[in-house]
1. Between F98 and L413, what length in nm is gained on full extension when 0.36 nm per residue of separation is reduced by their alpha carbon distance?
2. Taking the Cα centre of segment 338-462 as origin, sum charge times position over the Cβ atoms of Lys and Arg (+1) and Asp and Glu (-1), and report the length of that vector in debye to the nearest 20.
3. In the chain, if the dipole is taken from +1 on Lys/Arg beta carbons and -1 on Asp/Glu beta carbons about the Cα centre, which of L148, T270, A400 is farthest to the positive end?
4. With a cut-off of 8 Å between alpha carbons and a minimum separation of six or more residues, what is the relative contact order of the chain in percent?
5. Taking the dipole about the Cα centre of the chain, with the C-beta of Lys and Arg at +1 and of Asp and Glu at -1, give me whichever of C314, A230, L129 is farthest to the positive side.
6. Distance from a point 7 Å along Cα→Cβ of N155 to each backbone N in segment 319-361: keep the residues under 19 Å and list them by number.
7. What does the charge dipole of segment 48-164 about its Cα centre add up to, to the nearest 20 debye, if the Cβ of each Lys and Arg holds +1 and the Cβ of each Asp and Glu holds -1?
8. At 20 °C and 1.002 mPa s, grab the translational diffusion coefficient of segment 407-465 from Stokes-Einstein with a Kirkwood Rh over Cα pairs, rounded to a whole number in µm² per second.
Amino acid sequence: MSKILLRGGTLITAAETFQAEVLLEGEKIAAVGKDLDAAGAEVVDVSGRLIMPGGVDPHTHFDLPMFNTVSSDDHYTGMKAAAFGGTTTVIDFVPQDFESFDQAIDAWHAKADGKAAVDFGFHMNVTHLDEKVLRAIPRLVERGITTLKVFTAYNGRLRLQDGEIFQVLRVAAEHGMLTMLHAENGDVIDVLVAEALAAGHLSPDWHARTRPAWGAVESVLRGVALAAQAQAPLYVVHMNTAGGLDQLRYGRARDLPVMGETCPQYLFFTEEHLKRPDGAKWICSPPMRTQADNQALWEGLGDGSLQTVGTDHCPFFFDGTRPIEYEGQQVAIPGKELGAADFTKIPNGLPGVGDRMPILWTYGVGSGRVTANQFVALTSTNPAKIFGLYPRKGALVPGADADIVVWDPDRQLTYGVAHARHRTDYNLYEGWELKGYPEKVYLRGQLIVDGEQWLGRAGMGRFLARQPGAPVL
Ligand code: URP
Ligand code: ZN
Ligand code: ZN
């Protein structure tokens, strides 16, 4: 069994910061402490470096069909990008677009298993409900899936009615599963989109103008209230508004088991970005809002009202007619240009899985908005706990998987598409100055990223079958 001793580093966990050595044996962390027995181990000097548990991104969409194209990262390219950014576990969403959950899961395994480059789990979208589907929900646990996503928007495509969401929440809670909510108001969006199109308003900024912030605010409260009535836990994904956060706090103040995730894009960008000539790059749902919303979400991370930072990674090319080079091949995948003449045809989604940790380190920890320990909690330990992976993931303790990021706090670089490894032609953080970056990344004891070198391979990532009954944070 391979043995590696990381010596001289500073460990950062969700709770504390301390000097210690870490001994990796095979796939596991064998010991954490001082003066560990290094007999037979390869000793790696990590003096001046930080050691953190590998990141857990609870929200990705790899190889996802949308609007006559597909998200441009598949389960290999996306997970490789994740690894370069310090993330060693992702949880990807399975669409319900098949005859049965089993067929949907089989289809997603067929996409993911041979390509996965880091460990991964699945969430199941519930976008159509009847008695058969309700009965099938508990059986998802047998397939290692304990989390369900429902939508209050995308009428006629993904949305469930409130009574249906209530039923999903209830059956999920009965079986120790967690319901996740995409909170926007689908009815209002439909009216506003129809009016915008009729008036000839076709530019990207109308994406945000037809999805008002109030729709997110009221549907977060609706979700919280439905969860209360169903006596069920709820996790609100990709939270984008100060008002939505207020509603989450309203529920948490009443001891309801409700949690929230935000994503880096909602911390840094606003509706104004959609007005740029390349505004389509920022199109995602829900949209980015205002600087006041950015600020409020930072405060929510700092005060513990929000539990995680995911990415909602769902990239598309900005110009999918122009190939990029990816691992020596020319690749072009139709993308945002599909909606050049009509914002409703722009595929919704952004790259981000590799950006999350480096961007949050510099602009969150570096600017004092969150501490280094909160950074670990938000990007690794909390998602591991909420999604039933802890302490196997998200922890630097003996017995945990040896998923480790050796972080160089002094590395400075100008970030952008050339650094991020996503398979797309742009990056939202182009030209941003970073200080602090992953140097080495281990997946279950194997070094998969060493500086700029990729040592991982397709198929080495393992499916994580999860157990019900995860805690609510
Ligand atoms: O625009 C986005 N977020 N695309 C991915 C699907 C979703 O709703 O999370
Ligand atoms: Zn969503
Ligand atoms: Zn999503």
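1. Here the segment from F98 to L413 would lengthen by 109.0 nm.
2. The dipole magnitude comes to about 520 debye.
3. Of the candidates, A400 comes out farthest on the positive side.
4. Here the relative contact order equals 22 percent.
5. Selected residue: A230.
6. Under 19 Å, as judged by backbone N against the label point of N155, lie 343-345 of segment 319-361.
7. Around 280 debye, computed over segment 48-164.
8. Diffusion coefficient, whole number: 162 µm²/s.
The values are calculated or read from the model by the stated rules, or taken from the named source; none is laboratory data. Everything numeric here is computed off the predicted structure, so don't read it as measured data. Cβ: placed from backbone, ideal geometry, glycine included. Neighbour counts: every protein chain shown. Ligands, DNA and RNA are excluded from the accessible area calculation, which covers all protein heavy atoms including side chains. Shrake-Rupley method; radii C 1.70, N 1.55, O 1.52, S 1.80 Å.
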